[in-house]
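Participant: This is the structure I want to talk about, given as structure tokens.
Readers should treat all values here as calculations from the given coordinates under stated rules, not as data from a laboratory. Keep in mind that this is a model prediction, so the values were computed, not measured. Don't worry about glycine lacking a Cβ; one is built from the backbone with ideal geometry, like all the others, and counts go over all protein chains shown.
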Amino acid sequence: MRWPRLARAALLLAVACPLGLAAQTPAELEQSRQRLEQIRREREKLQQQQQQLQGRVTDVNAQLRNLERQRENAGDLVQEIERQIGGLGSQLERSAAELALAQDNLLERRAVLQRRLADIYKRGPLYTFQVLLAAESFGDLLTRYKYLYLTSRQDRELMTEVERLTERVRRQRGELLGIRSELDRRRQEREAELERYGRLAAERQTTLRSLQRSTTETRNQLTALQRDEARLSDLLATLERSRRNAAAPGAADSPGSLTTADLGRLDWPVEGTIVHQFGRQQLSGGGVIRWNGIGIGAPVGTPVKAVESGTVALRQRLGTYGLTVFIEHGNGYYSIYGQLGTTSAAVGDKIERGQVIGTVGGQGSDEGPHLHFEIRGENQIALDPMTWLRGRQ
């Protein structure tokens with residue numbers, strides 16, 4: 001009797017699909033996969049944002065917010081994977097029960113088919129003719145023919161059913177293997193996301209500690225820059241007072257070599273890329289500084305040229321400005337060349353436009369080798385050098 005095995009398979013199928021798991025339909029699994037893909041796209045977007053944040057000077061708090069969002073995204077991804085694992089688990093149990101039921105049906109039908117084949121073999125190939133020839137009347141002949149016809153049709157249906165069940169078992173075995181493989185992938189993905197979640201948490205803590213350190217460093221850097229900026233302004237004011245005191249009483253200032261007519265016409269003191277712009281700029285530690293000039297990146301030793309003729313008013317090392325040369329152009333205008341590696345200029349030297357006054361240094365600064373260049377107008381007002389220099393093609 002095959003009924004106990006069929007009853008066991010049916011019971012297994014019923015147990016594998018309780019009310020609580022019946023909600024995990026193929027449509028809902030597909031919706032879960034779509035949500036998973038959406039979360040993955042959000043993760044890729046956040047990772048791209050993180051790369052952009054790390055690729056430029058930004059507020060570190062923005063990186064912290066990005067890391068926190070990535071960690072939340074990893075948590076959502078793990079939760080969605082857990083939901084899929086649950087759905088795939090119920091689907092695996094259901095498919096296993098269906099496969100067991102189909103295998104039991106196949107065994108039963110094969111047993112019936114084997115008995116039929118054994119009967120046919122025992123009766124021999126001439127059994128059909130013997131049955132027909134043994135008919136005692138025409139009516140008996142029709143009855144025997146109908147019996148043989150129905151038997152033959154049942155045998156064909158039995159063969160068809162065995163083939164169908166065989167194909168069904170093969171297909172369900174493939175589905176079962178596919179579900180198991182997907183379940184294994186989801187579990188591996190879950191472990192990878194859990195590891196990523198922990199890595200993001202550790203990275204956030206590292207960033208927080210780095211932020212605490214950089215806050216102190218930035219505060220110190222800003223203090224030094226502000227101190228040196230004030231010192232530079234005081235030196236300019238002193239130089240300008242000395243110049244005015246040296247002039248004859250009541251004499252008007254003669255036109256200087258640098259005037260507003262030179263706006264957009266001055267040659268660059270050195271060719272290179274801009275490493276910091278004039279005006280406000282945010283530091284990597286989150287602080288804000290106001291640059292009174294521009295930084296032009298160039299290799300160490302690159303010649304630095306005067307943008308206009310004038311007189312060397314000062315040559316001195318000024319803290320964060322490094323070796324610095326002031327050129328007075330008259331009428332209260334000065335050009336300032338900082339972060340020099342070397343200079344041949346001396347106080348009182350007459351400088352011609354385009355004359356080499358030194359070389360690029362600054363290799364020990366945060367920006368690397370560069371020239372810090374400023375233009376100061378009346379009352380030591382810092383002017384944007386970019387409006388004075390020639391436009392680049």
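Participant: Remind me, relative contact order of segment 80-207 in percent, using alpha carbon pairs under 8 angstrom and six or more residues apart?
Facilitator: Working: 48 pairs, mean separation 66.5, N = 128.
About 52 percent, as a whole number.
Participant: Further question on the same structure: Could you tell me the relative contact order of segment 255-387? Use alpha-carbon pairs under 8 Å, at least six residues apart, and round to a whole percent.
Facilitator: Numbers: 341 pairs, mean separation 37.1, N = 133.
28 percent.
Participant: A further question on this structure: Lys and Arg at +1, Asp and Glu at -1: add these up for the other residues within a Cβ distance under 14 Å of Gly264 and post the number.
Facilitator: On the way: positive: Arg265, Arg390, Arg392; negative: Asp262, Asp267, Glu308, Asp384.
Residues near Gly264 contribute -1 overall.
Participant: Using alpha-carbon positions, what is the distance between the centroids of segment 345-393 and segment 65-119, in Å?
Facilitator: Measuring centre to centre over Cα atoms gives 74 Å.
Participant: Quick one: dipole size for segment 255-387, taken about the Cα centre, charges +1 on Lys/Arg Cβ and -1 on Asp/Glu Cβ, in debye to the nearest 20. Mind showing how you got there, number by number?
Facilitator: Working: 9 positive and 12 negative charges, 36 e Å.
The dipole of segment 255-387 has a size of about 180 debye.
Participant: Report the net charge of residues surrounding Glu98, where surrounding means a beta-carbon distance below 12 angstrom and charges are Lys +1, Arg +1, Asp -1, Glu -1.
Facilitator: Details: positive: Arg94, Arg168, Arg171, Arg173; negative: Glu93, Asp104, Glu175.
Spelling it out: positives minus negatives among the neighbours equals +1.
Participant: At 7 Å along the Cα-to-beta-carbon direction for both Val300 and Arg171, put a label point, then send me their distance in nm to one decimal.
Facilitator: 7.6 nm
Participant: Still on this structure, I have one more. Taking 0.36 nm per intervening residue step and subtracting the Cα-Cα distance, what contour gain separates Asp349 from Ala135 on full extension? Write out the running numbers ahead of the final one.
Facilitator: Numbers: separation 214, 0.36 × 214 = 77.04 nm, distance 14.05 nm.
My answer for the length gained is 63.0 nm.
Participant: Could you tally the net charge around Ala202, taking each other residue with its Cβ under 14 Å from the Cβ of Ala202, Lys/Arg +1 and Asp/Glu -1?
Facilitator: Numbers: positive: Arg71, Arg196, Arg199, Arg204, Arg209; negative: Glu68, Glu195, Glu203.
That works out to +2.
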